[in-house]
Structure formats: structure tokens, C-alpha cells
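Worksheet for the structure shown next.
Computed from the coordinates by the stated procedures, all read-outs in this text should not be read as laboratory data. Predicted model, so just to flag it, every value in this text is computed and none were measured. Note: ideal-geometry Cβ built from the backbone for every residue, glycine included; neighbour counts use all protein chains shown.
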Amino acid sequence: MFETLSDRLTSVFSSLKGKGRLSEEDIATTAREIRLALLEADVALPVVREFIAHIKERARGEEVSKALNPAQQVIKIVNEELIAVLGGETREIRFAKRPPTVIMLAGLQGSGKTTLAGKLAKWLVAERNTPLLVAADLQRPNAVTQLQVVGERAGTQVFAPQPGNGVGDPVEVARESIEHARRNNHNVVIIDTAGRLGVDDEMMQQAADIRDAVTPDEILFVVDAMIGQDAVNTAQAFLDGVGYDGVVLTKLDGDARGGAALSIRHITGRPIMFASTGEKLEDFDVFHPDRMASRILDMGDMLSLIEQAQRTFDEAEVERMAGSLTSEDDFTLEDFLEQMQMVRKLGPIGNLLGMMPGMGQMRDQISNVDDKDLDRITALIRSMTPEERRNPKIINGSRRLRIANGSGTQVSDVNGLVTRFFEAQKMLRKMKDGSFPGMPGMPGA
Ligand code: GDP
């Protein structure tokens with residue numbers, strides 16, 4: 001999901017790399033490109049307009065932080081705006097003070113309501129609840145059986161009209177289910193209602209009647225994200241016809257664009273509470289706007305890392321570090337040691353590397369780097385003479401032995417460090433000439 005948008009945004013950011021500061025023209029170009037990316041992702045026009053207005057305003061006004069380069073500043077702003085448009089805070093289910101908590105599902109046929117009922121039930125069971133699934137979709141011939149199947153897979157009971165009693169009255173079934181839940185200690189009731197292929201008055205009325213009969217604690221509007229802009233129209237129709245407290249996006253696995261996810265909160269004012277990403281009952285999770293934004297930006301948790309750096313280092317330190325990276329003089333082991341010490345202030349090295357994007361493929365190597373490694377490197381560098389630190393090329397065999405003895409390590413450790421250092425130096429040279437984006441050299445990895 002969101003692949004197209006991710007790709008587009010990533011290329012917008014990379015065109016800012018290497019810039020010293022954001023000019024008015026850069027802001028205009030960037031805003032235009034982000035606008036196109038959002039439109040291409042099928043985000044509703046009013047949402048795009050407001051999003052872009054915020055980006056421009058903030059990019060102009062943003063307190064220019066020395067710790068962030070222009071590309072990082074724009075990423076930070078876009079990330080925060082994405083989180084806002086996706087709803088800001090994670091919205092949890094509100095449980096009733098007196099059980100059972102009644103959750104009613106509404107949405108078009110095929111939106112994934114019945115599947116969702118099973119997913120929600122399974123998730124609630126895992127959270128130590130005792131849900132009851134209620135078949136109030138009596139329109140579709142197979143709906144009751146389908147709910148019984150998912151109920152069984154989720155390990156929950158299903159309340160359905162007795163066979164042989166004709167079609168049954170869904171309002172009556174819903175009402176009785178609450179009593180049944182009370183008597184049988186179900187603390188949550190999930191009511192699956194009927195949907196049509198399109199919005200129609202009769203369906204809305206039936207959903208409204210069920211709502212009035214059971215006064216749900218949460219009405220969840222279930223919508224197929226793959227229908228794009230139509231999701232927004234349907235969402236509006238259900239808001240007017242039945243009303244709801246939250247949205248569940250289904251089939252996000254099939255939606256490469258993400259327009260529905262990015263528009264629905266803004267248009268309806270209702271939070272996205274859950275997301276469904278496949279046909280299996282496990283393919284389901286609470287919707288976290290911040291994690292979704294960071295996925296869209298394909299950045300791991302880089303922003304936490306950047307913010308941590310901003311909080312931890314004062315400007316002088318940042319400048320000194322930036323200085324050592326951009327000065328004409330070559331990067332030395334002295335700089336290497338200083339950077340390593342700064343990085344260490346941020347926290348355990350494993351966590352830091354884990355927050356960096358693209359580190360997924362390097363998981364094995366990361367798990368091999370630990371803080372002891374860094375202690376050893378520190379000891380090694382401290383056992384070197386200033387001349388050796390400035391010009392590691394002179395570290396020959398006898399010097400290596402002396403350094404190893406002095407730092408209580410092995411010659412192989414000295415060899416490893418020198419090799420790593422030369423690699424970091426090479427990477428930094430590339431960064432300086434602009435051919436390598438991103439972060440300062442990370443020792444160890
Ligand atoms: P209902 O008519 O609203 O009850 O919808 P169903 O629960 O019967 O779902 C309709 C179809 O969508 C079924 O084939 C489901 O397996 C499928 N489906 C539901 N949720 C998802 C999802 O998140 N991803 C994918 N790929 N398919 C889903």
C-alpha cells in the first residue's frame with residue numbers, strides 16, 4: 001500500500017539533497033511536486049489543498065534548525081502533516097462503563113464487514129474480552145453462515161436467528177443479542193449489519209433502526225480502501241444516513257495509492273480506528289497515524305532519531321560535527337572518536353541503527369554491533385598517538401601491536417578498526433561531494 005505515493009515523495013525529498021538552505025523557489029517546486037503526488041494518490045482535492053497550504057506555510061516559517069538540512073526539514077514537516085491528516089492520535093475503542101459494549105458495523109456489501117467482525121472478535125479475544133458476534137445481516141443468503149465460519153475461526157460465539165423462522169427481523173435479532181450477551185457474560189457485542197452494493201434509503205433506514213434499538217457505544221463505518229475517491233462519497237452518505245464514531249479501512253493491502261486513507265478523516269471528521277490488510281483474520285491492526293505516516297515516507301523511525309539528536313546536542317556540537325564533515329581537511333580518527341561519542345549519547349547503538357531507514361536488510365550486521373564494540377573502539381583510539389589518529393596510514397605492524405597491548409585488545413581488533421575507519425572516510429568523501437545522501441558515518445556498522 002502507498003507504494004506510489006512513497007516513491008513520489010522520496011524523489012521529491014531527494015531532489016532537495018545537497019541544498020544548503022530552502023529558497024522560496026525550492027518551497028514552491030517542492031509544494032507543487034507534493035501536490036501532484038497526492039493527487040496521483042487519489043487524495044480528495046480539499047484535503048490536498050489544505051495539506052499543501054500547511055506545508056508552504058511551515059516551510060517558510062519553520063524555525064531553521066541547524067541540526068536539520070533542508071531535505072530533512074521538509075521530511076519532518078510532511079511527516080507531521082501526514083500524521084495530522086491521518087488523524088493525529090491513535091483512537092482506541094471506548095468500552096461501556098456497564099457491559100456489554102455494543103459495536104455496530106455499517107458499510108456497503110463487499111466492504112469486508114463480515115470478515116472484519118471476525119478480525120475484531122479475534123483481536124478482542126486476544127485482549128482478554130469475551131465478544132459475541134451478531135448476525136443482523138439477513139439480506140444476503142450466506143451472510144449468517146459466513147459469520148458463523150469467521151466466528152468459529154475467531155473462537156467466539158455467534159448469535160443468529162434460529163433457522164426455520166423465516167428471514168427474521170434484523171432489528172429484533174440485534175435487540176435480543178444484547179440480552180443474550182448480558183445473560184452469558186459477553187462483555188462486547190459486535191453487530192454485523194446488511195449492506196447493499198450501492199447506498200440506498202432502505203439499507204440506511206434499517207441500519208438506523210438497529211442503531212436506535214441497541215444504542216451502540218461505537219458505530220464503525222467499514223470501507224474498502226480500493227474504491228478510492230468513492231470511499232469518501234460513501235463515507236459521507238453513511239455519515240448523513242446512520243452516523244458513526246470511527247472508520248475501518250479494509251483491503252489496504254490492495255490499495256497502492258492510499259487516497260481513501262488520506263482523505264477520509266479530513267472529510268468526515270471521524271478517526272480511522274482499524275486497518276485491514278488481507279483476507280486472513282490476523283491481517284488486521286489498530287490504526288496508528290504516526291506509524292502509517294512513517295511507512296508512507298519509508299523512513300523507519302528516522303524522525304525520532306532526528307528529534308533525539310536535536311534534543312540531545314546543543315548547536316555548538318552540531319556545528320562542530322558538521323564542520324568535521326564538510327571541512328577541506330580529511331576526516332581523522334579524532335573526528336571518528338568524537339562522532340562516536342556523540343552518537344552514544346543518543347542511546348544504545350542497536351536501537352539507533354534500528355531506527356534508520358534501509359537498515360532492515362542489514363539486521364544481521366546490526367545485531368552484531370553492541371556497546372562493547374564501541375567501548376573497545378574508544379580504548380583503541382585512545383591508545384594511539386595524536387599523529388596516528390591524524391594519519392592512520394602510518395599504523396604499521398609494530399604500532400598495531402603496541403596499540404593492541406595498550407588498549408588490552410588484539411591486533412585483529414586494531415586491523416578491524418583501521419579497515420572500518422578507511423571505509424567511513426571513503427563514505428564521507430562521497431557525502432561531501434554530494435554523491436551519498438544522509439547521515440554522518442556510523443562507526444561499527
Ligand atoms: P461484507 O459484504 O461487507 O460482509 O464483506 P466480506 O466480509 O464478505 O468481504 C468481501 C470480500 O473481501 C471477501 O472475499 C473477503 O475475503 C475480502 N476481504 C475482506 N477484507 C479484506 C482485506 O483487508 N484485504 C483483502 N485483500 N480482502 C479482504
Q | Charge dipole (segment 33-172, unit charges on Cβ, about Cα centre) - positive-most of 96, 53, 115 | A | 96
**Q.** Under the Karplus curve 6.51 cos²θ - 1.76 cosθ + 1.60, θ = phi - 60°, whole-Hz ³J(HN,Hα) for segment 391-396, x wherever Gly or Pro sits
**A.** 9, x, 4, 7, 6, 8
**Q.** Contour excess over end-to-end distance, with Cα ends at residue 139 and residue 32 and 0.36 nm allotted per residue
**A.** 33.8 nm
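In what sequence, highest mean first, do 16-26, 34-44 appear when ranked by Cβ atoms within 10 angstrom? The partial results should precede the final answer.
Working: 16-26: 12.7, 34-44: 20.2.
The packing order, highest mean first, is 34-44, 16-26.
Apply 1/(1 + (r/R0)^6) to the Cβ-Cβ distance of residue 149 and residue 95, taking R0 = 25 Å, and write down the FRET efficiency to the nearest 0.05. Show your work: numbers first, answer last.
Values: r = 27 Å, r/R0 = 1.08.
So, using R0 = 25 Å, E works out to roughly 0.40.
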Q: With label points built 7 Å along Cα→Cβ from the Cα atoms of residue 17 and residue 285, find their separation and express it in nm.
A: 2.7
**Q.** At most 12 other Cβ within 10 Å, DSSP loop - trypsin sites (Lys or Arg not before Pro), segment 50-126
**A.** 94, 97
Q. If you average the sequence gap of Cα pairs under 8 Å that are 6 or more apart and divide by the length of segment 101-287, what percent do you get for the contact order?
A. 26
Q: Taking 7 Å along the Cα-to-C-beta vector as the label spot, tell me the residue 378-residue 182 distance in nanometres, rounded to one decimal.
A: 6.5
